[in-house]
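Below is one structure, written out as structure tokens; comments come after it.
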Amino acid sequence: MYDIDFREQDVTALDTSTPLVDVGADAPGPFIVPSHAKRITEILIHAIPDYTADTLEGFTSAIRLAGPGLNAPESWIPGPSGMVGGVATTSGGLGIVKPMHYYCNIPVIGGQAINAYGFMHGSADPGSLRMTVSVVYDGPNVGRWRHMDYREGDTAAANTGVALTGRGGVVEGDFRPGAPIVEVVVGVGGVPVAGPLAAPTIVQLTGSGLSIAGNYIFQGPGIYTQDDITASGDAKTCDLVKYECDIATKAQGFIRATAQEINDDVGTPSHIIGLGFA
């Protein structure tokens, strides 16, 4: 039987876990799984920048779902990413953006709690993110992954790979797979510099945790900047590039995610990749 619930909160510090427990003026606390619910079939995540004017900033975002209401491992799930900048009185710093949308298949336990936590990542604090998360119970469209994990980090030079090792504000290291990878999502935000510049972004997966050797190069969003972004820059927030896949893994191995900005150095891009496991 279909149901949907929602939580939100302002995330005001980089790399810091913030409980998402509010619904506007109300504070209902964690999600309580409906007694009839069998699984979460959709998750929607928003990260809306309430940013400091007159500076160049950017972010990636994520949430963590944990607690006794999950009949599966906890999930660390990337949300939207973005870049912001420009003089407050002259730049086009406004927008209407949609949340990141996932289909999933997370078994739950009726009557139990699920805690949601929000994270803002990046190389410079943009101010705050108004983060939201919606969970759909027993919807008509079911995804393939039971839990997700992510890694994030920054690059500072073009055509130079950097291993993504951060999660939840700590150095978590490489992925440790325990099931096949059935979905990959890739995002980028970060602090830009004036152009004209343009850079595609990629994240490559390597390591002993991959059962079959392959290229595994996943393209993320591209970044561009023009000449005077401090006076005429905009606020750019986007969802992630999503790939449905079927990648066999080894439970005792590791998977390293290595990010690059290609061709131009557009500043300090902040990269994030999420792996959805069956």
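Every number here is computed from the coordinates shown, using simple stated rules; none is lab data. Computed from a predicted structure; not experimentally measured. Cβ coordinates were reconstructed from backbone atoms using ideal geometry, including for glycine residues, and neighbour counts include every protein chain displayed.
Tabulated results
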item	result
Net charge of neighbours whose Cβ lies under 9 Å from the Cβ of G168, counting Lys and Arg as +1 and Asp and Glu as -1	0
H147 long-range amide H proximity, modeled H, under 5 Å	F277
Cβ-derived FRET efficiency at R0 51 Å, D22 paired with A158, nearest 0.05	0.80
L164 long-range amide H proximity, modeled H, under 5 Å	A257, T258, A259
Peptides ranked, highest mean first, by Cβ atoms within 10 Å: ranges 159-166, 138-145	159-166, 138-145
Per-residue ³J(HN,Hα) for the stretch 150-160, Karplus 6.51 cos²θ - 1.76 cosθ + 1.60, θ = phi - 60°, Hz, x for Gly and Pro	9, 9, 9, x, 10, 10, 10, 8, 5, 6, 10
Euclidean distance between Cα centres, the stretch 234-260 to the stretch 125-152, Å	15
Distance from the stretch 192-221 to the stretch 27-55 (C-alpha centre basis), Å	28
In Hz, Karplus ³J(HN,Hα) per residue of the stretch 40-47 (6.51, -1.76, 1.60; θ = phi - 60°; x = Gly, Pro)	8, 10, 8, 9, 10, 10, 10, 9
Most mobile of A156, A213, A199 in a GNM of the chain (Cα contacts under 10 Å)	A213
Candidate lysines for bridging to K236, where Cα separation is under 20 Å - those fewer than 8 sequence places away on the same chain excluded	K98
Residue exposure sequence - K242, K236 - by fewest surrounding Cβ within 10 Å	K242, K236
Segment L14-K250, length gained on full extension (0.36 nm per residue, minus Cα span)	81.7 nm
Nitroxide proxy distance, nm - points 7 Å out along Cα→Cβ at A179 and A213	3.0
Long-range amide H partners of G220 with built H, under 5 Å	T201, I202, V203
Residue among L44, L94, L14 with the largest mean-square fluctuation in a Gaussian network model of the chain, springs linking Cα atoms under 10 Å	L94
Helix-derived mean residue ellipticity, 222 nm - over the chain, DSSP H n ≥ 4, -39500 (n - 2.57), to 500	0 deg cm²/dmol
Cα-based Rg of the chain normalised by 2.2 N^0.38 Å, two decimals	0.99
Table column - 3J(HN,Hα) (Hz), the stretch 209-216, Karplus curve with 6.51, -1.76, 1.60, x for Gly and Pro	x, 8, 5, 10, 5, x, 7, 6
Signed unit charges on C-beta, dipole axis of the stretch 235-278, positive-most listed residue L240, V266, G253	G253
Pairwise FRET efficiency - H101 versus D54, Cβ, R0 = 25 Å, nearest 0.05	0.15
Cβ-Cβ FRET estimate between Y2 and E74, R0 fixed at 22 Å, reported to 0.05	0.35
